[in-house]
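What follows is calculated from the coordinates using simple rules that are stated; it is not laboratory data. Note that the structure is a prediction, hence the values are computed from the model and not measured. Don't worry about glycine lacking a Cβ; one is built from the backbone with ideal geometry, like all the others, and counts go over all protein chains shown.
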Amino acid sequence: MNREVTAAILAGGESTRFGTDKALFVWRGKPLVAHAMEALRTEVAEVLVVAKAAGPFEDFRDRGVRVVLDGRAESNPFWGLLAALQALQTPWLFLCPCDAPLVRPDLLRALFSACENARVVVPLWDGAEQPLAALYHRDVLETARKIAAEDPNPSPRKLVHDLNARFLSEEEVRPCDPEGLSFRDADRIEDLRALDVLWEGCHAH
């Protein structure tokens, strides 16, 4: 367990393309959000679920999870990140979307190993930055608040670039997550079919 890191699982999206609340959608016998929660909770000091309302996630409190409200009507992962930073009780925050049930704990370890002299560590995968699977230091809170006050449509990517993040190249990510499972999410229910195949491959042995 790394007592310097908190994991925050973003569960405040509208799930418009998914068609129902994907955080609570049961896949492989448990809600999608529970898969990420269980993958990370033995690795970190605390797990947060960031949501619009606490009620749907009350049952998770019994598992030691703290529910944090993002306090915004609109859905934007930046507000979830900001709420998590404001609730943070450790030096570092690992961000994870609720629909990434195959997130690899080894990714978190690799990001933390690369955090010296950085305030944000972001993995690259398939040619793209992955700010929703990144590590943020608590010192970025004031910059996040400044962006929130000045930008009508803030984004985690804006925060990442304002802070000159340390990027973990795909070559650095592959040893801890060879197939990029941490970045495979489910925007639509149909995407779960692909996740089924990946899940079966992970548990084949």
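Here are the numbers:
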item	result
Förster radius 22 Å - calculated FRET efficiency between residue 174 and residue 28 (Cβ-Cβ, nearest 0.05)	0.30
Qualifying trypsin sites (Lys or Arg not before Pro) in the stretch 137-189, DSSP loop, other Cβ atoms within 10 Å at most 15	188
Straight-distance crosslink candidates among aspartates and glutamates, where the alpha carbon sits under 14 Å from residue 22 and sequence neighbours closer than 8 are dropped	14, 99, 185, 187, 190, 191
Of all DSSP beta bridges in the chain, antiparallel share, percent nearest 5	30
Label-point separation, residue 66 to residue 138 (7 Å along Cα→Cβ), nm	1.0
Cα-based convex hull volume of the stretch 88-172 per residue, rounded to whole Å³	114
Distant-in-sequence amide H partners of residue 49 (H built 1.01 Å from N, under 5 Å)	9, 66, 67, 68
Zone residues, the stretch 51-77, relative to residue 148, backbone N less than 15 Å from point 7 Å out along Cα-to-Cβ	51-52, 68-77
Helical mean residue ellipticity (222 nm; -39500 (n - 2.57) per DSSP H run of 4+; nearest 500) of the chain	-8500 deg cm²/dmol
Cα-Cα separations in the stretch 61-205 greater than 20 Å, expressed as whole percent	51
Percent RCO, i.e. relative contact order, over the stretch 2-202, from Cα pairs under 8 Å lying at least 6 residues apart	23
Burial ordering of 169, 182, fewest other beta-carbon atoms within 10 Å first	169, 182
Calculated from backbone phi, Karplus (6.51, -1.76, 1.60) coupling profile of the stretch 152-164 in Hz, x at Gly/Pro	x, 9, x, 9, x, 5, 4, 4, 4, 7, 5, 9, 6
Amide H partners (placed H, <5 Å) of residue 155, local residues excluded	none
Low-density loop positions, GluC sites (Glu not before Pro), the stretch 101-155 - DSSP coil, at most 15 other Cβ in 10 Å	116
Vicinal HN-Hα couplings computed from phi for the stretch 75-86 (Karplus, 6.51 cos²θ - 1.76 cosθ + 1.60; Hz; Gly/Pro x)	8, 7, x, 4, 5, x, 4, 4, 4, 5, 4, 5
